[in-house]
Amino acid sequence: MLPLRFRHTSEVAAPPSALWKFHVAPGALESLRPPLGGMRVVDPGDGVAEGSLVKLEVGAGPVRRRWHALHLAVRPGESFVDVAVEGPFRLWAHLHRFEATGRDRSRLVDEVWYQPPAGVPRWLGRVVFNPLLRLYFAWRHRRTRSAVEGTVAAFEASAVS
């Protein structure tokens, strides 16, 4: 069965290097946790490094599930992939990409390929998960833009003084 695909992009007033630095900074994953999503970082591993294993816990109340993701295809300054090796989805692969679009401008791209949890039909997965992913990634991109554009603006202001 072919996986479902989800893609979300945003324009950011910062260079790709700023997006990269934000994503690899200690605590970045914590700062990108959804406020109501029930995700908890158990062990951040070695951060965004080739072969690093990140351990999360997802769910609500007593219904918790481990989500372990392996970082692969790490291209410093450009992109990385996290692949779930354990979690609620039968398949989860998430590409994070940072593309230059102009001087000090970037496109933040998140692409996810997934198969719904066992027992969930593909059509229902698309109807349920794509809208949730849309909300989640819109929130993450707003959070990223706010952090990165604010940092670049603060740096530029201090350079002028």
Practice task
Determine the sum of side-chain charges near residue 107: Lys and Arg each +1, Asp and Glu each -1, restricted to other residues whose C-beta is under 10 angstrom from that of residue 107.
Solution key: 0
Exercise for the section: Using packing as a proxy for protection, rank 83-95, 14-26 so that the peptide with the highest average count of other Cβ atoms within 10 Å comes first. Expected result: 14-26, 83-95
Practice task
Show 99, 30, 50, 111 ordered by accessible area, largest first, where the area counts protein heavy atoms only and the probe is 1.4 Å.
Solution key: 50, 30, 99, 111
Problem - Separation of the residue 104 and residue 143 label points, Cα + 7 Å toward Cβ, nm - result: 2.6
Exercise for the section: With a 1.4 Å probe and every protein chain left in place, tell me how much accessible area residue 133 has, in Å² to the nearest 10. Expected result: 20
Problem - Folded to 0 to 90 degrees: helix 122-160 orientation relative to the chain principal axis, Cα - result: 20
Practice task
Report, in deg cm²/dmol and to the nearest 500, the calculated mean residue ellipticity at 222 nm for the chain, where each DSSP H run with n ≥ 4 adds -39500 (n - 2.57) and the sum is divided by the residue count.
Solution key: -11000 deg cm²/dmol
Fill in the blank from the handout: Pseudo-spin-label distance residue 115 to residue 85, built 7 Å along Cα→Cβ, given in nm, is 1.9
Completion exercise
Extend 7 Å from the Cα of residue 75 along its Cα-to-C-beta direction; within the stretch 14-28, residues with backbone N under 15 Å of that point are 16-17, 20
Handout entry: Share of carbon and sulfur in the accessible heavy-atom surface of the stretch 5-87 [1.4 Å probe, %]
Key = 57
Handout entry: FRET E, pair residue 122, residue 13, Förster distance 35 Å, beta-carbon r, rounded to 0.05
Key = 0.40
Practice task
Would you kindly find the accessible area of residue 66, with a 1.4 Å probe and non-protein molecules such as ligands, DNA and RNA excluded, rounding to the nearest 10 Å²?
Solution key: 140
Problem - Heavy-atom accessible area per residue - the stretch 51-148, 1.4 Å, Å² - result: 52
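The values are calculated or read from the model by the stated rules, or taken from the named source; none is laboratory data. On a predicted model such as this, the values are computed, not experimentally measured, just so you know. No Cβ is skipped: glycine too gets one built from the backbone with ideal geometry, and neighbour counts run over all protein chains shown. Note: areas computed on protein heavy atoms with side chains; ligands, DNA, RNA excluded. Shrake-Rupley method; radii C 1.70, N 1.55, O 1.52, S 1.80 Å.
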